[in-house]
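Asks: Below is the structure I would like to discuss, written out as structure tokens.
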Amino acid sequence: MQLDSPRYTLAFAAAVCVVCALLVAGSSVLLRDRQQANKLLYLQKNVLQATGLVAPGERLRDAEIVQLFDENIRPRLVELATGEYVQHPEVAPERYDQRRARADPARSRPAPPNLARVKRVPDVGLVYLVMRGGRATQVVIPIEGLGLYGTLYGFIALDRDLATVRGIAFYENRETPGLGGEVDNPNWRALWPGRKALGEDGSPRIRLVKGVAGPPEKNPYQVDALSGATITSNGVTRMLDFWLGEHGFGPYLARLRAQGGP
Ligand SMILES: Cc1cc2nc3c(=O)[nH]c(=O)nc-3n(C[C@H](O)[C@H](O)[C@H](O)COP(=O)(O)O)c2cc1C
């Protein structure tokens, strides 16, 4: 075949395409386990950040994250409707994927209309307990809800009193860096510890407000909104309202409160 013939050009282009497709497909399959492991590691790091066991922005090696998580955190499955701990017949809490369960009609139910625009609620949710000397000292609740450009996913950690915030962390968002994306800013996240997420009656009360909320002692139920990002800020308020409320983890938190702590 002549090197400058159309047939050679087409055959060469087709060969390049096949080789590239094989490379992409092969690397995707070969790296799938590594991707899953990295995803889990990132999730665990965010749980640790919400609890304050890892400072926002603190750099840790993978093995250190795994060790800190295994030594301090106990994942537990919760039936949302009753607030009771449950066991999954097949999946250990460490491997349970709440987001996948929420997307599965057999394992979730439609959410009532809500401002956070949560569409479905999983039957079983995944919480994390922070253990100290055999006692749970914090409970970490998963939260998710719509911002401006997409759904934000994160965690809020509550103290033993089930109202005081220990920290908040978002492990996924599509907001604009510098605006809504400031949910990841360590300075903003530092405003949260010490605030009260729930009122004395156990209902969600924390709000993001325009301006300066001041220190938690003076203004426990408010946090500074993100500047130039009112839509994202409202999204954060609304998702906390939903997930800490009666259709989210409210029954679980009420049960823990009734028994005097997690
Ligand atoms: C390019 C661009 C990106 C924006 N990204 C966000 C965002 O991530 N989150 C958000 O709430 N608002 C974002 N906004 C601003 C919103 O459109 C809206 O003006 C803003 O939420 C109002 O907030 P403010 O009342 O604090 O100014 C963006 C605006 C532009 C032009």
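Asks: Using 0.36 nm times the number of residues separating Val209 and Ala111, minus their current alpha carbon distance, what extension gain do you get? Let's see the in-between values first.
Replies: Working: separation 98, 0.36 × 98 = 35.28 nm, distance 2.61 nm.
Working it through step by step, the gained length comes to 32.7 nm.
Asks: Out of the range 147-227, which GluC sites (Glu not before Pro) are coil in DSSP terms and have no more than 12 other C-beta atoms within 10 Å?
Replies: Values: sites: Glu172, Glu175, Glu182, Glu200, Glu217; in loops: Glu175, Glu200, Glu217.
The qualifying sites are Glu200, Glu217.
Asks: Which far-off residues, 5 or more places away or on another chain, put their amide H under 5 Å from the one on Ile143, with H placed in the peptide plane?
Replies: Gly154, Phe155, Ile156
Asks: Can you sort Val165, Val18 from fewest to most other Cβ atoms within 10 Å of each residue's own Cβ? Could you put the intermediate results ahead of the total?
Replies: Numbers: Val165 23, Val18 10.
Ordered by Cβ neighbours within 10 Å, fewest first: Val18, Val165.
Asks: Using r as the Cβ-Cβ distance of Asp104 and Arg61, and R0 as 35 Å, what FRET efficiency do you calculate, to the nearest 0.05? List each step's numbers first, then the result.
Replies: Values: r = 35 Å, r/R0 = 0.99.
Calculated value: 0.50.
Asks: Here is a further query. What percent do you get for the relative contact order of the chain when only Cα pairs under 8 Å and 6+ apart count? Working shown, then result.
Replies: Working: 462 pairs, mean separation 43.7, N = 262.
Answer for the chain is 17 percent.
Asks: Identify which of Leu31, Leu152, Leu53 has the largest mean-square fluctuation in a Gaussian network model of the chain, with springs joining Cα atoms closer than 10 Å.
Replies: Comparing Leu31, Leu152, Leu53 in a Gaussian network model of the chain, the most mobile one is Leu31.
Asks: Run the paramagnetic zone check for Ser27: 7 angstrom along Cα to Cβ, then residues of the range 60-100 with backbone nitrogen under 19 Å.
Replies: Counting backbone N atoms under 19 Å from the label point, the list is empty.
Asks: I would also like to ask the following. Lysine pairs, Cα distance under 24 Å, 8 or more residues apart or cross-chain: how many in the chain?
Replies: Details: Lys39/Lys119; Lys45/Lys196; Lys196/Lys210; Lys196/Lys218; Lys210/Lys218.
Taking the chain as the scope, the lysine pair count is 5.
Asks: Please determine, in degrees from 0 to 90 and to the nearest 10, the orientation of helix 62-72 with respect to the longest principal axis defined by the Cα atoms of the chain, where the helix direction is its Cα long axis.
Replies: Once rounded, the angle reads 30 degrees.
Asks: So how far, in whole Å, is the C-alpha centre of the range 191-227 from the one of the range 39-109?
Replies: 25
Asks: Can you tell me the convex hull volume per residue for the range 45-196, based on C-alpha atoms, in Å³ to the nearest whole number? Numbers along the way, then the final one.
Replies: On the way: hull volume 20.4 nm³, N = 152.
Looking at the range 45-196, the number lands at 134 Å³ per residue.
Asks: Give the order of Leu40, Leu48, Leu30, Leu179 when sorted by the count of other beta carbons within 10 angstrom, beginning with the fewest. Present the calculation step by step, with values, prior to reporting the outcome.
Replies: Numbers: Leu40 15, Leu48 27, Leu30 9, Leu179 18.
Listed from fewest to most nearby Cβ atoms, that is Leu30, Leu40, Leu179, Leu48.
Asks: Quick query: amide H of Met131 versus all other amide H atoms, modeled in the peptide plane; which residues come in under 5 Å with a sequence gap of 5 or more or a different chain?
Replies: Ile73, Arg74, Thr137
Asks: Taking every Cα atom in the chain, find the radius of gyration and the maximum pairwise distance Dmax, and write them in Å.
Replies: 22.1, 84
Asks: Suppose the chain between Asp70 and Gln36 were pulled fully straight at 0.36 nm per residue; how much longer would it get relative to their current alpha carbon spacing?
Replies: The Asp70-Gln36 span can extend by a further 10.5 nm.
Asks: Follow-up question, since we're still on this one. Select from the range 58-110 those GluC sites (Glu not before Pro) which occupy a DSSP coil region and have at most 10 other Cβ atoms within 10 Å, ordered by residue number. Working shown, then result.
Replies: Numbers: sites: Glu58, Glu64, Glu71, Glu79, Glu84, Glu90, Glu94; in loops: Glu58, Glu90.
Passing sites in the range 58-110 are Glu90.
Asks: Taking θ = phi - 60°, what integer Hz values does the Karplus form 6.51 cos²θ - 1.76 cosθ + 1.60 yield along the range 3-20, in sequence order, with x for Gly and Pro?
Replies: Karplus values, whole Hz, x for Gly and Pro: 5, 9, 7, x, 5, 5, 4, 5, 5, 5, 4, 5, 5, 4, 4, 4, 4, 5.
Asks: Right, something else. List the trypsin sites (Lys or Arg not before Pro) in the range 180-262 that DSSP assigns to loop (not H, G, I, E or B) and whose Cβ has at most 15 other Cβ atoms within 10 Å. Which are they?
Replies: On the way: sites: Arg189, Arg195, Lys196, Arg205, Arg207, Lys210, Lys218, Arg238, Arg255, Arg257; in loops: Arg195, Arg205, Lys210, Lys218.
When the trypsin sites (Lys or Arg not before Pro) of the range 180-262 are filtered for loop state and at most 15 Cβ neighbours within 10 Å, Lys210, Lys218 remain.
Asks: Still on this structure, I have one more. Taking amide H atoms as placed 1.01 Å from N in the peptide plane, list the residues 5 or more away in sequence, or in a different chain, whose amide H sits under 5 Å from that of Glu172.
Replies: Answer set, sorted by chain and number: Tyr153.
Throughout, read-outs are computed from the coordinates displayed, never taken from laboratory work. Every value quoted in this text rests on a predicted model; they were computed, and no experiment measured them. Don't worry about glycine lacking a Cβ; one is built from the backbone with ideal geometry, like all the others, and counts go over all protein chains shown.
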